[in-house]
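What follows is calculated from the coordinates using simple rules that are stated; it is not laboratory data. Being a predicted model, the structure only gives us computed values, none of them experimental. Because the Cβ atoms are built from the backbone with ideal geometry, glycine has one as well, and the counts that use them run over all protein chains shown.
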């Protein structure tokens with residue numbers, strides 16, 4: 001058999017092995033349609049970084065869960081946060097962020113955004129409702145903060161932000177759209193680390209930003225594909241699968257965490273147990289939450305005690321993630337908030353002996369037994 005022809009291949013024909021040319025692109029189906037390249041569209045799947053049918057279906061499903069009109073899926077939660085902020089902030093703009101934020105967000109705000117000429121200020125949660133928002137473009141908060149589980153009053157803050165012409169962006173990861181939907185109470189953009197409760201199986205890393213304002217969504221989407229922050233389609237498929245069990249999983253997370261929080265509250269070796277069922281007052285917008293998720297924060301007073309506790313756990317695994325079906329534990333001062341100085345940790349009220357527990361969906365009695373045997377060794 002002779003080799004491939006070395007002659008040029010012309011449009012509308014191919015070379016066979018014996019160098020005979022055969023027309024194959026004779027029907028309209030094979031002709032290039034240049035019109036589809038003239039305008040980038042989320043439904044025109046010409047390139048997977050820009051838009052993908054599996055990703056698109058998942059985006060629409062998650063937007064519906066969040067009570068939004070549309071949303072954008074990202075390669076990570078931090079990608080969703082970064083892109084959302086860069087979509088609405090420009091050089092010279094001012095933004096205010098909670099001091100009590102996830103450490104990765106805190107690092108982004110402190111070290112990257114100022115390089116774009118964005119003026120970033122931090123404010124503690126008990127000061128934010130009285131803070132002047134004049135000239136502020138964005139107010140960024142978490143509905144339930146990481147790791148101290150403090151509520152921010154989304155309803156009050158959205159009214160104040162909109163009165164001043166600011167946008168309210170809410171990271172709602174800790175509550176999930178099953179327990180709370182910030183867009184229903186006036187948030188402009190809601191963000192999720194899909195890695196956490198929405199997926200819930202610790203097998204993907206994705207993020208999501210959503211809104212009831214399609215103009216905001218389209219702006220975020222345009223920045224997403226320009227920056228190359230697109231998600232993997234197979235991971236999007238896994239999330240679409242996992243979201244089907246979100247309600248069932250969250251009910252178990254809520255119930256297990258409530259039981260364990262009460263157990264820890266009554267244990268003599270545990271201090272400062274933080275979980276919303278113990279709060280004397282919660283903002284009105286959270287009163288109808290069916291639960292508060294699976295994360296509990298407690299203080300074992302010293303880092304040495306915290307490390308010994310974590311080392312002796314058997315069912316709870318040491319990991320920096322959370323909100324999966326398996327129970328996890330971590331020390332925030334060494335992981336999620338490791339970039340903060342001692343002074344910043346103190347300001348954020350995060351103890352070096354603080355432990356963040358992510359309660360999974362295992363048998364709750366087994367989990368309590370594991371906590372008991374580990375606590376007995378410190």
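Listing for the model above:
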quantity: Fewest-first ranking of 99, 82, using other Cβ atoms within 10 Å as the exposure measure; calculated: 99, 82
quantity: Antiparallel bridges, percent of DSSP beta bridges restricted to the chain (to nearest 5); calculated: 55
quantity: Tilt relative to the chain, helix 77-88 - C-alpha long axis, 0 to 90 degrees, to 10; calculated: 70
quantity: Rule-of-thumb Rg ratio for the stretch 205-268 [Cα; 2.2 N^0.38 Å; N residues]; calculated: 1.71
quantity: Share of pairwise Cα separations in the stretch 166-216, more than 14 Å, in percent; calculated: 50
quantity: Crossing angle, helix 303-312 versus the chain [Cα axis fit, 0-90 degrees, rounded to tens]; calculated: 70
quantity: Over the chain, relative contact order from alpha-carbon pairs under 8 Å, at least 6 apart, %; calculated: 16
quantity: Cβ-based exposure ranking for 289, 298, in which fewest neighbours within 10 Å come first; calculated: 289, 298
quantity: Three-way shape call for the stretch 187-229 based on the alpha-carbon gyration tensor, with the a/c threshold at 1.5; calculated: oblate
quantity: Kirkwood-Stokes translational diffusion coefficient of the stretch 82-161, alpha-carbon pairs, 25 °C, 0.890 mPa s, µm²/s; calculated: 190
quantity: Relative contact order (%) - criterion: Cα under 8 Å, at least six apart; region: the stretch 53-244; calculated: 30
quantity: Mean separation of Cα contacts under 8 Å, 6 or more apart, over the residue count of the stretch 246-375: relative contact order %; calculated: 30
quantity: Cα gyration tensor category, rounded, prolate or oblate, for the stretch 112-152 with a/c compared to 1.5; calculated: oblate
quantity: For the stretch 87-109 versus the stretch 320-368, the gap between their alpha-carbon centres in whole angstrom; calculated: 22
quantity: Coarse-grained scattering of the stretch 53-244 at q = 0.10 Å⁻¹, given as base-10 log I(q)/I(0) from a Debye sum over alpha-carbon atoms; calculated: -0.35
quantity: GNM flexibility winner over the chain from 278, 74, 174 (Cα, springs under 10 Å); calculated: 278
quantity: Under the Debye formula (equal points on every Cα, no solvent term), log10 I(q)/I(0) of the stretch 242-298 at q = 0.19 Å⁻¹; calculated: -0.73
quantity: Compactness index (Cα Rg / 2.2 N^0.38 Å), the stretch 246-375; calculated: 1.03
quantity: CD proxy at 222 nm, helix term only [per DSSP H run n ≥ 4: -39500 (n - 2.57); per residue of the chain; nearest 500]; calculated: -9500 deg cm²/dmol
quantity: Compactness index (Cα Rg / 2.2 N^0.38 Å), the chain; calculated: 1.17
quantity: Degrees, to the nearest 10: 364-375 long Cα axis against longest axis of the chain; calculated: 60
quantity: Pairs of alpha carbons in the stretch 148-273 whose separation is greater than 26 Å (percent); calculated: 35
quantity: Kirkwood-based Rg to Rh ratio, the stretch 308-378, C-alpha trace; calculated: 1.02
quantity: Listed residues 175, 206, 248, most fluctuating in the chain (Gaussian network, C-alpha, under 10 Å); calculated: 248
